[in-house]
């Protein structure tokens with residue numbers, strides 16, 4: 001057995017022996033003891049305590065293998081510590097870089113927010129301009145539609161047919177002994193008038209016409225015709241009753257007509273369709289004839305009475 005193992009054994013035995021003795025000392029110090037009278041210096045009780053003869057100093061001597069193992073462990077520990085320190089340094093450097101990147105990210109986010117606000121404001125401004133432009137475009141489109149409608153309506157009015165009625169003369173027919181009014185019916189428009197129907201009458205009525213005068217309803221016949229642009233027709237309308245023969249100025253009707261309360265009247269209506277066919281068009285006329293001091297001319301058909309016609313404004317109308 002080597003000296004090292006002997007030393008281990010001796011140290012172990014000393015530990016085993018000194019353990020109970022120290023426990024006894026603690027027990028004796030803990031238990032109450034009789035009061036010892038204090039003695040003067042220089043007596044036996046003042047001597048210092050002797051060391052424990054059983055306590056042996058122990059010194060552990062490691063072998064070369066253990067020393068090498070310990071050094072290797074310490075070297076590995078140092079390497080681990082160095083690696084940990086390096087990892088901490090790298091971690092701290094990465095954290096610093098991350099913090100810097102975070103700062104840059106915050107800065108860039110702020111810049112992006114500013115640009116986003118500018119873009120939003122620009123978008124809102126562009127939308128406002130677009131809205132105004134759309135409203136202006138709608139107004140322009142509406143104005144263009146209205147202008148087109150006005151132009152189309154104007155073109156229709158310029159092109160459509162206009163059938164008018166105008167007085168063409170007043171004659172006393174010596175064969176029928178009736179006053180006859182000749183009426184000129186003409187198309188002054190630029191397109192034909194179709195399905196034309198005319199009606200008229202001559203009568204002796206009060207002058208002026210009373211306010212409650214009702215324009216009579218026309219009694220059209222079955223005949224219809226077409227009047228082309230610029231075409232004229234002359235239609236005779238005779239008085240409903242005969243006038244006695246002789247001097248026309250001495251007849252009863254003329255005598256009655258010389259009174260201010262009576263005049264001959266022509267009342268007529270013409271209806272027709274234009275080329276658009278949107279609605280039935282109508283022209284009506286109402287004229288009075290003043291015979292006083294009229295010029296008379298004899299002809300082979302009768303007496304031509306040259307006299308002006310007065311238009312009654314309330315009953316002359318045209319579509």
**Prompt:** Out of (1) at pLDDT 85 or above; (2) surrounded by 18 or more Cβ atoms within 10 Å (Cβ to Cβ); (3) closer than 18 Å to residue 201 by Cα, what's the single condition that is false for residue 281?
**Reply:** (3)
**Residue that is farthest from the chain's Cα centre (by Cα) [pool: residues in the range 178-211 that are within 20 Å of residue 309 (Cα to Cα) and outside any strand (DSSP E or B)]** = 207
**Prompt:** Is the range 163-184 home to any residue that is within 18 Å of residue 275 (Cα to Cα), at pLDDT 90 or above and either out of contact with any helix residue (DSSP H, G or I) (no Cβ under 9 Å at 6 or more places or on another chain) or surrounded by fewer than 16 Cβ atoms within 10 Å (Cβ to Cβ) (or both)?
**Reply:** yes
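Among the residues that make up the range 285-300, is at least one of them assigned to a loop (DSSP other than H, G, I, E, B), in contact with a helix residue (DSSP H, G or I) (Cβ under 8 Å, 6 or more places away or on another chain) and within 18 Å of residue 262 (Cα to Cα)? If you could, list the steps in order and put the result at the bottom.
Step one: of the range 285-300, the residues assigned to a loop (DSSP other than H, G, I, E, B) are 290-294, 299-300.
Checking the rest, the ones that are also in contact with a helix residue (DSSP H, G or I) (Cβ under 8 Å, 6 or more places away or on another chain) come to 291-292.
Within this subset, residues satisfying the condition of being within 18 Å of residue 262 (Cα to Cα) are 291-292.
Looking for residues that are assigned to a loop (DSSP other than H, G, I, E, B), in contact with a helix residue (DSSP H, G or I) (Cβ under 8 Å, 6 or more places away or on another chain) and within 18 Å of residue 262 (Cα to Cα), one finds at least one in the range 285-300, hence yes.
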**Asked** Out of all the residues in the range 198-214, which are over 18 Å from residue 289 (Cβ atoms) and in contact with a strand residue (DSSP E or B) (Cβ under 8 Å, 6 or more places away or on another chain)?
**Response** 198, 199
**Message:** residue 103 - would you say it is modelled with pLDDT of 80 or more, more than 30 Å from residue 10 (Cα to Cα) and surrounded by 10 or more Cβ atoms within 10 Å (Cβ to Cβ)?
**Reply:** yes
**Request:** Sort out which residues of the range 212-228 are out of contact with any helix residue (DSSP H, G or I) (no Cβ under 9 Å at 6 or more places or on another chain), part of a loop (DSSP other than H, G, I, E, B) and surrounded by fewer than 16 Cβ atoms within 10 Å (Cβ to Cβ), and write them in order of number.
**Result:** 212, 214, 216, 217, 219, 220, 221, 222, 223, 224, 228
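The values are calculated or read from the model by the stated rules, or taken from the named source; none is laboratory data. Being a predicted model, the structure only gives us computed values, none of them experimental. A quick note on method: Cβ atoms are made from the backbone with ideal geometry, for glycine too, and the neighbour counts reach across all protein chains shown.
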